[in-house]
1. Please compute the length gained on full extension between Asp37 and Glu94, using 0.36 nm multiplied by the number of residues separating them and subtracting their Cα-Cα distance.
2. Compare Glu190, Glu70 by solvent-accessible area with a 1.4 Å probe and give them largest first, with all protein chains kept in place.
3. Within the set of other residues whose C-beta is less than 12 Å from the C-beta of Ile141, count the net charge using Lys and Arg as +1 and Asp and Glu as -1.
4. May I ask you to compute the full-extension gain from Lys168 to Asn247, defined as 0.36 nm times their residue separation minus their alpha-carbon distance, rounded to one decimal in nm?
5. Which cross-chain or sequence-distant (5 or more) residues have an amide H under 5 Å from the amide H of Asp108, H modelled 1.01 Å from N in plane?
6. Heads up, I need the accessible area for Phe162: 1.4 angstrom probe, whole protein in place, Å², nearest 10.
7. Suppose each label sits 7 Å from its Cα in the direction of the beta carbon; what would the Val53-Val102 distance come out to in nanometres?
8. Please arrange Leu227, Leu128, Leu121 by accessible surface area, largest first, computed with a 1.4 Å probe and ligands excluded.
Amino acid sequence: DYVVVKMIPDNRLPPRHLHSVHTGKTFAIIKWESPYDSPDQDMLYAVAVKDLVRKTDKIYKVKTRNSTVEYTIKKLEPGGKYHVIVQLGNMSKESSMKISTVPLSAPDALKIITENDHILLFWKSLALKESNFNESRGYEIHMFDSLMNITAYLGNTTENFFKVSNLKIGHNYSFTVQARCLYSGQMCGEPATLLYDELGTGEDSSASTTGRSTDVAAIVVPVLFLLLVTLGIGFVVLYMRHRRLQNSFTAFANSHYSSRLGSAIFSSGDDLGDEDDEAPMITGFSDDVPMVIA
């Protein structure tokens, strides 16, 4: 015996497993599941987006019968903070989460030019790679004195350069340039950092490690190449000497080859000494000299 029981859907339950799938500079993709499995009718959701920086609210409506719902929240601001609430249209229990959008990128190619009594900071316009950035927003510059262990706000500018004066001799400084912060410093761009030592030379901290690696590679690679070339030349010389010795020996062996014996015949060397050269040659026998036969 068995019995079939069908549960009555409870529309007062909150959406399940609300989470963020992907967050960009101006959008966020969120995902959740229906309050119960396999809805048999369209369900109306209310998605409330609260801007925690601007203190504004927006509500979007999503109607679907799917058990899993994916929704893209658009028209967000880079570096913003938001509180997202999802619930059924009948104002049932809610699910919520907080998301933060990706801030604007750091300015590229931050460099220092040293003058007599001041320095100039230069960087590329952020509008070249950020379509959401307007030059009228400007940049703000900070300085950190490592000797005094203090950070100072130097000001802001809408230009791509900034003049810094009154630097103290013997102090090391770090400069940061970023898109100007909005709403009491709550929405800022990523900072580009530059180190400046007491000798007046600037070094981009983001590229210092890469620069050192490049310098080491510039030294090591030619040395290894020269070693390989030297080894290659050495092998060629040894090979040529080996071939020359082999050819000389082959010619020498062929000149002493006896076809009758089927092998090469070489002198032992005992009869090739200097004594043979000093021994007098026998030219003949005189008739008046007796021959003695032992």
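The values are calculated or read from the model by the stated rules, or taken from the named source; none is laboratory data. Being a predicted model, the structure only gives us computed values, none of them experimental. Cβ placement follows ideal geometry from the backbone for every residue including glycine, while neighbour counts extend to all protein chains displayed. These area figures cover heavy atoms from the full protein model, side chains too; ligands, DNA and RNA do not enter into them. Shrake-Rupley method; radii C 1.70, N 1.55, O 1.52, S 1.80 Å.
1. Gain in length upon complete extension: 18.8 nm.
2. Ranking Glu190, Glu70 by accessible area, largest first, yields Glu70, Glu190.
3. With Lys, Arg at +1 and Asp, Glu at -1, the neighbours total 0.
4. 20.7 nm
5. Lys124
6. Phe162 has an accessible surface of roughly 30 Å² with all protein chains in place.
7. 1.6 nm
8. Correct descending sequence by accessible area is Leu128, Leu227, Leu121.
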